[in-house]
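Report on the structure given below.
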Amino acid sequence: MPGTYRMIELVGTSPVSFAEAVKVAINEASSSVQHMDWFEVVSQSGRIADGKLLEFQVTLKVGCKVMSGQAV
């Protein structure tokens, strides 16, 4: 279906996995961002301290459908 989308960027983090970091970002954003329809993983990274992996990080682009009369 045709439409217009605005794109936002999110960074999710998790001590568990990249997949969990994606879920965290989407779940937390959903409380304040409406009409999210799709996402793209732009990058994956992590944090290391004292030789141990501490955190997975993902940067996402998220497409949010612009509804009629909604500010972009």
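So, in the stretch 23-60, how many residues would count as being surrounded by 12 or more Cβ atoms within 10 Å (Cβ to Cβ) and not in a strand (DSSP E or B)? Counting residues in the stretch 23-60 that are surrounded by 12 or more Cβ atoms within 10 Å (Cβ to Cβ) and not in a strand (DSSP E or B) gives 8. For the stretch 62-69, the count of residues that are outside any loop (DSSP other than H, G, I, E, B), charged (D, E, K, R) and surrounded by fewer than 12 Cβ atoms within 10 Å (Cβ to Cβ) is zero. Can you name the number of the only condition in (1) in a strand (DSSP E or B); (2) surrounded by 11 or more Cβ atoms within 10 Å (Cβ to Cβ) that residue 20 fails? The single condition residue 20 does not satisfy is (1). Residues in the stretch 1-27 that are charged (D, E, K, R), closer than 12 Å to residue 62 by Cβ and without any contact (Cβ under 8 Å) to a residue 40 or more places away in the chain: 0 in all. Would you call residue 16 more than 14 Å from the chain's Cα centre (by Cα), of a type outside the set (Phe, Trp, Tyr) and modelled with pLDDT under 95? So residue 16 does not fit the description; no. For the stretch 1-13, the candidate set comprises residues that are more than 13 Å from the chain's Cα centre (by Cα) and hydroxyl-bearing (Ser, Thr, Tyr); within that set, the residue that is surrounded by the most Cβ atoms within 10 Å (Cβ to Cβ) is 5. Can you find, within the stretch 21-70, the residue that is nearest to the chain's Cα centre (by Cα) among those that are of a type in the set (D, E, K, R) and under 30 Å from residue 3 (Cβ atoms)? Within the stretch 21-70, the match that is nearest to the chain's Cα centre (by Cα) is 61.
The condition of being without any contact (Cβ under 8 Å) to a residue 40 or more places away in the chain and of a type in the set (Asp, Glu) does not hold for residue 55.
The values are calculated or read from the model by the stated rules, or taken from the named source; none is laboratory data. In this text the structure is predicted, and so the values were computed from the model without any measurement. All Cβ positions, even for glycine, are placed from backbone atoms using ideal geometry, and neighbour counts span all protein chains on display.
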